Amino acid sequence: MENRAKHLIFLGCGLLCAAALALGVASAPSAAEGPPEGQPAPAASASAASAPNFPIASGARLAGDDKQTRFILDLDRKIEFRAFPLADPYRVVVDIPQVNFQLAAGTGSAARGLVKAFRYGLVMPGGSRIVFDMTGPVKIANSYVLDAANGQPPRLVLDFEQVDRTSFVQSLAPESRPELKPSISEATTATIPAVTTAALPPVAATDSRPLIVIDPGHGGIDNGTQSGDQTEKNLVLGFGLALRDRIEKSGKYRVVMTRSDDTFIPLNDRVKIARSQSAALFVSIHADALPRREGDAQGATIYTVSDKASDAEAERLAEAENKADAIAGVNLTDEPTEVADILIDLAQRETKTFSNRFARLLMDEMKSTVRMHKHPLKSAGFRVLKAPDVPSVLVEIGYVSNKGDLEHLVSENWRNKAVGSMVQAIDTFFSKRLATAGPAK
Ligand SMILES: [Zn+2]
């Protein structure tokens with residue numbers, strides 16, 4: 001049974017690896033996709049990323065009403081840009097070269113006219129993005145960059161106009177129209193961003209140590225939860241890097257990070273990193289927050305994937321975490337549908353057993369060093385946990401909305417203890433796994 005399952009897993013991998021190979025020779029990806037395909041011409045080069053002299057955005061404002069709304073961004077020089085709409089939810093994405101945003105706190109949070117809110121930030125080294133949440137279907141009636149004139153700085157200007165859904169859908173690039181979902185294979189090759197895959201260190205073929213993927217949630221334009229000036233994306237990155245260092249120090253495992261800096265990575269790409277590297281374990285790190293009206297929760301929670309959420313809070317959380325792509329302006333209609341293959345289904349069942357086993361081991365270890373949630377093991381439909389062949393858990397290491405938890409989350413002492421427990425659980429998991437599974441492949 002063990003062998004058969006492994007064989008099935010290989011089949012699953014084969015599909016994906018073929019897709020990954022195809023990517024290597026794929027030509028320019030189509031227009032309306034996730035961040036890394038974003039246009040800014042000078043963007044991806046290393047020299048652009050290391051140049052300290054990024055354009056500065058000093059102000060942003062909205063004007064107009066719910067028929068026509070104008071967005072203006074004040075800059076210190078002219079920049080290139082590319083603007084395009086996305087469906088479901090209705091958004092407009094503006095890709096620009098990396099910009100140093102010096103905007104007042106709260107910029108973008110107030111609704112005006114056709115714009116519900118907007119966000120801005122880095123989506124890749126050298127590339128920034130502005131994402132508008134729209135109240136409904138719109139067209140970009142005008143978009144241009146103005147020279148400095150009459151005491152005004154250079155400005156990026158976008159005019160949005162209300163349209164009906166039919167003309168909105170027609171205005172989308174063909175591959176991002178909701179009713180034209182690409183087939184699985186096309187979508188898989190088309191949505192792996194070159195940046196992510198290129199950034200991965202090559203894995204030495206002779207290194208047979210198990211590979212662990214650490215996935216700090218959010219990043220770049222997506223801050224995650226927030227409390228004061230503490231953002232989830234920074235807290236979980238710090239935690240993830242500390243976990244990586246500790247695991248690597250043991251010498252027993254290889255580690256790959258889905259991100260090791262403040263970059264946004266789409267959810268699907270996080271899963272793809274784990275699958276394409278044949279990871280033996282995937283650990284996603286997050287820090288939750290509870291809206292004030294819902295009381296005060298505290299402690300760490302460990303989540304595995306399930307079709308049906310274990311409780312209402314787990315459901316709410318999965319929904320919130322699954323929004324990361326929409327927040328960053330990833331074209332959701334482009335996402336491949338779940339691979340509905342019976343072989344993968346079988347592999348998935350075994351993977352689930354391992355995911356649950358690791359979750360329990362992790363809870364047993366963590367509860368001796370870390371304050372746990374009153375129901376520390378839960379499950380829900382997290383998209384980032386859906387690799388059919390990689391045991392995966394998502395750990396909410398605490399609530400940034402809880403004062404005590406937040407004190408822990410920013411404490412290096414606490415982090416060391418929590419990381420130590422995780423490494424202990426990883427050791428137990430792999431020693432048991434190797435003992436029951438016989439020699440590794
Ligand atoms: Zn999160």
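No lab work stands behind these numbers, since they all come straight from the coordinates. In this text the structure is predicted, and so the values were computed from the model without any measurement. When we count neighbours, we look across all protein chains shown, and the Cβ atoms used for this are built from the backbone with ideal geometry, even at glycine.
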Charge tally for neighbours of Ile221 with beta carbon under 14 Å away, counting Lys, Arg as +1 and Asp, Glu as -1, is -1
For the stretch 46-176, the dipole about the Cα centre with charges only on Cβ (Lys and Arg +1, Asp and Glu -1), to the nearest 20 debye, works out at 160
Taking a ≥ b ≥ c as the square roots of the eigenvalues of the Cα gyration tensor, with a/c under 1.5 meaning rounded and otherwise prolate when a/b exceeds b/c and oblate if not, the stretch 46-176 is prolate
From fewest to most C-beta neighbours within 10 Å, the residues Thr231, Thr225, Thr353, Thr258 line up as Thr353, Thr231, Thr225, Thr258
Taking Lys and Arg as +1 and Asp and Glu as -1, residues besides Asp147 with C-beta under 12 Å from its C-beta add up to +3
Computed ³J(HN,Hα) along the stretch 293-301: with the Karplus parameters 6.51/-1.76/1.60, θ = phi - 60°, integer Hz and x for glycine or proline, the list is 5, 9, x, 10, 9, 8, x, 7, 9
Taking 0.36 nm per residue of separation between Lys249 and Arg209 and subtracting their Cα-Cα distance, the length gained on full extension comes to 13.1 nm
Partner lysines whose C-alpha sits under 28 Å from that of Lys417, ignoring same-chain residues fewer than 8 away, are Lys233, Lys249, Lys252, Lys352, Lys367, Lys374, Lys378, Lys403, Lys432
Output for the stretch 365-410: trypsin sites (Lys or Arg not before Pro) sitting in coil per DSSP, at most 15 other Cβ within 10 Å, listed by number, reads Lys367
Taking 0.36 nm per residue of separation between Asn322 and Ser171 and subtracting their Cα-Cα distance, the length gained on full extension comes to 51.7 nm
Placing each pseudo-label 7 Å from Cα in the direction of the beta carbon, Ala104 and Asn416 end up separated by a distance in nanometres of 4.4
Farthest towards the positive end of the dipole of the stretch 46-176, among Thr135, Leu172, Ala110 and with Cβ unit charges of +1 on Lys and Arg and -1 on Asp and Glu, lies the Cα of Ala110
With a ≥ b ≥ c from the Cα gyration tensor eigenvalues, square-rooted, and the rule rounded for a/c under 1.5, otherwise prolate when a/b > b/c and oblate otherwise, the stretch 197-437 is rounded
